[in-house]
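Asker: There's a structure below that I have some questions on.
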Amino acid sequence: MVNVRIITSMKIVPSYGPKRTRRTQVIALIVAVLLATILVTQLFGYEDFATTLAALIPFNDKSLLSLSAGVIVIAELLALPYLLRMYLSPLMRAVSGCLAAGVSIFWMFTAFTNSHASNCGLFSTTLELPGGILATAWSLLLFAGIVLVIRADIQTTSAPLRKSTN
């Protein structure tokens, strides 16, 4: 049996995360717009998203492709709170940041490995963007932006305290 005092004494302290510079805020907003665009277009063509992924992912199991499509869309959705600096617990902030990095790595990997594809899968079948320069540029921009935001947040939280000379 669980001791009730232990459960009531543990507190989750949500926050808006580390203070971001104006530059970092702009980059995070641009990346959030890129990711939200991908997410919305995938949801419009969600019925065909699993078949689009069949050309991009090296397995052919229909149920696994459907599961992958759902996981990708949910990961993109859960990456947005970190980028938008929402009021979150530290654990959820870390999970959201990791999902943002994971989604960007996934799309960068698929853009690099599927330049021959007639549809790169970024926008499902809503906007059929062929693999190549545009898909690679979109995914590289997404990846670079997320790396810059995460790097800025890590440097802000791990910066040593400075003495004030007043």
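The values are calculated or read from the model by the stated rules, or taken from the named source; none is laboratory data. Remember, predicted model here, so these are calculated numbers, not experimental data. Neighbour counts are summed over all protein chains in view; Cβ atoms, including those assigned to glycine, are modelled from backbone coordinates with ideal geometry.
Asker: Count, please, the residues in segment 44-93 that happen to be hydroxyl-bearing (Ser, Thr, Tyr), surrounded by 15 or more Cβ atoms within 10 Å (Cβ to Cβ) and within 30 Å of Val13 (Cα to Cα).
Answerer: Total meeting the criteria: 1.
Asker: Scanning for something under 21 Å from Thr113 (Cβ atoms), in contact with an Asp or Glu (Cβ under 7 Å, 6 or more places away or on another chain), not polar (S, T, N, Q) and not in a loop (DSSP other than H, G, I, E, B), does segment 32-42 turn up at least one residue?
Answerer: Within segment 32-42 (the criterion being under 21 Å from Thr113 (Cβ atoms), in contact with an Asp or Glu (Cβ under 7 Å, 6 or more places away or on another chain), not polar (S, T, N, Q) and not in a loop (DSSP other than H, G, I, E, B)), the answer is yes, since at least one residue qualifies.
Asker: Another question about this same structure. Being assigned to a loop (DSSP other than H, G, I, E, B) and free of Cβ contacts under 8 Å to residues at least 24 places away in the same chain narrows it down to one of Gly70, Gly131, so name that one.
Answerer: Just one listed residue meets the conditions, Gly131.
Asker: Quick check: is even one residue across segment 86-107 among the polar types (S, T, N, Q) and under 23 Å from Thr41 (Cβ atoms)?
Answerer: Taking every residue of segment 86-107 in turn, at least one turns out to be among the polar types (S, T, N, Q) and under 23 Å from Thr41 (Cβ atoms).
Asker: Further question: What is the residue count in segment 75-98 for residues that are among the hydrophobic types (A, V, I, L, M, F, W, C), touching a Pro at 6+ places or on another chain (Cβ under 8 Å) and outside any helix (DSSP H, G or I)?
Answerer: The number of residues fulfilling the criteria is 1.
Asker: Out of the residues in segment 94-111 that are out of contact with any helix residue (DSSP H, G or I) (no Cβ under 8 Å at 6 or more places or on another chain) and under 18 Å from Ala28 (Cα atoms), state the one that is surrounded by the most Cβ atoms within 10 Å (Cβ to Cβ).
Answerer: Going through the qualifying residues, I end up with Cys98.
Asker: Evaluate segment 114-134: report whether one residue or more is loosely packed, with under 15 Cβ neighbours inside 10 Å, at pLDDT 90 or above and over 30 Å from Tyr16 (Cβ atoms).
Answerer: Looking for residues that are loosely packed, with under 15 Cβ neighbours inside 10 Å, at pLDDT 90 or above and over 30 Å from Tyr16 (Cβ atoms), one finds at least one in segment 114-134, hence yes.
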